[in-house]
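Please read the structure below before turning to the comments.
The values are calculated or read from the model by the stated rules, or taken from the named source; none is laboratory data. Computed from a predicted model, the values in this text were never measured in an experiment. Cβ coordinates were reconstructed from backbone atoms using ideal geometry, including for glycine residues, and neighbour counts include every protein chain displayed.
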Amino acid sequence: MKRHRYAHALRRLLLTSVLTVGSAASAPAFAHHSFNMFALDQVVTVDGTVKDYDFKMPHVWFYVLVPKGGAQEEWGFEAHSPNLVARKGWTVNSLKPGDKIAVTMHPMKDGSKAGSVIYVTYPNGKVLWNAQSINEP
Amino acid sequence: MSLRPLPLAIGLGVVLAFAGGAARAAPDITGMWQYDYSHPPAHPPVTPKAAAIIALHRAATEKGYVRELSNMKCLPTGMPQLMVWRSPIEIMESFGRISIITEHDPGPDEPRTIYLNEPVQPNDIDPSWNGHSIGHWDHDVLVVDTVGFNDRARLLGGVPRTEAAHITERFSLSADGQTLTDEMTMQDPQMLAGPWTVSLKFARMPNDSERLEAVCELDLDAIQKLDINAIKAFDIEAQRTSDPSLRYNPGGK
């Protein structure tokens, strides 16, 4: 019961838009990309196979091979720091090379093959949300 | 004079003593707490000096400036910023002190120590990231006074912090024990035109919540690519790095 109440409270807290994280002084840095680089008004889902999973500080990254026209494109996806996504259910074993997943994300504005994760969907329907996603339920 | 009021007075005294005793028992604020960052403190009453620095910072951000040098170097964020991260804080109490530990990158921040047995601030404080905090319980409210800051961090709202900064806090617990409020008043005459009071809310997490590691790793790649002169007007650490009079050079001589 307590857990449930807390989960509800946290979900409410996390509903906040990342766009409100305005001040650079208070915004945690992104290892490779600023949030400015992601098209936060676009939501795209791609299906693919996990190539690599780095559950590391400062931010979790994973790489997915996405079929395109008989070939494969490699995409990189950024989630939040391990300690923050851990509280959304992520673990060091959440993704393994070879896993089939769908990634729903905000793509890069410049069209390069990377995105800011909103959530990951497994074939069995399980969903892992990134921490602080603006679309989080 | 009648003797009758005496037993009444004794009886009343006993009742008041019990009631007073109950009221004086400090609320238990120990545990893991999640800051509610959905309403970040905004609109600080800044001085023209602070406004100019914040404006430069904002303009640079619009042109792609993302990270402060202090962030790349994994320096602490200090008080009060360490209170408002998206990761939990843990409040612990031991003899004569309350400690607050954080869990975030960048940092790692030092723990905050609030000394409960020091009635006044010492006069020989070495300026530090978290300053020197003394506190006492005023009935159900923990009153904390913090001075002795260095000038390498910021107050809330992106306002630069000087060594003259003075922060007072009133911590109170909701009746159900599930919400902790930190009513924080920041003063810093060079940067704030007047006292700035904000109300920070924290939601209690389950007692068995894990505290996780969040270690900052030095971003050498970003530091090597950084043009320090281009950002030194509004980036505190870049200014230190480029100004010999500030004696930036840890380990030198």
Any hit, the stretch A:76-96, residues being away from chain B (no Cβ under 14 Å), touching a His at 6+ places or on another chain (Cβ under 9 Å) and in a strand (DSSP E or B)
yes
Kindly indicate the residue of the stretch B:42-56 that is in a loop (DSSP other than H, G, I, E, B) and surrounded by fewer than 21 Cβ atoms within 10 Å (Cβ to Cβ) and also nearest to the other protein chains (Cβ to nearest Cβ) among those meeting that condition.
B:Ala42
Failed item, numbered, when B:Asp140 is tested on (1) away from chain A (no Cβ under 14 Å); (2) among the acidic types (Asp, Glu); (3) within 29 Å of B:Gln239 (Cβ to Cβ)
(3)
For B:Gly31, state whether it is at pLDDT below 90 and surrounded by 10 or more Cβ atoms within 10 Å (Cβ to Cβ).
no
Inside the stretch B:144-181, can you point out the residues that are away from every other protein chain (no Cβ under 14 Å) and without any contact (Cβ under 8 Å) to a residue 24 or more places away in the chain?
B:His166, B:Ala175, B:Thr181
Restricting to the stretch B:88-111, name every residue that is surrounded by fewer than 21 Cβ atoms within 10 Å (Cβ to Cβ) and within 12 Å of chain A (Cβ to nearest Cβ).
B:Pro108
Whether any residue in the stretch B:198-221 is touching a strand residue (DSSP E or B) at 6+ places or on another chain (Cβ under 6 Å) and more than 14 Å from every other protein chain (Cβ to nearest Cβ) is what I want to check.
yes
Restricting to the stretch A:97-137, and then to whatever is among the aliphatic types (A, V, I, L, M) and not in a strand (DSSP E or B), can you tell me which residue is modelled with the highest pLDDT?
A:Ala131
Of the residues in the stretch B:42-72, those that are touching a strand residue (DSSP E or B) at 6+ places or on another chain (Cβ under 7 Å) and more than 29 Å from B:Leu226 (Cβ to Cβ) number 1
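Could you look through the stretch B:106-151, keep only residues that are among the small types (Gly, Ala, Ser) and more than 15 Å from B:Gly96 (Cα to Cα), and pick out the one that is modelled with the lowest pLDDT?
First pass over the stretch B:106-151, keeping only residues among the small types (Gly, Ala, Ser): B:107, B:128, B:131, B:133, B:135, B:148.
Now restrict to residues that are more than 15 Å from B:Gly96 (Cα to Cα): B:107, B:128, B:131, B:148.
Details: B:Gly107: 68, B:Ser128: 96, B:Gly131: 97, B:Gly148: 97.
Here the residue is B:Gly107.
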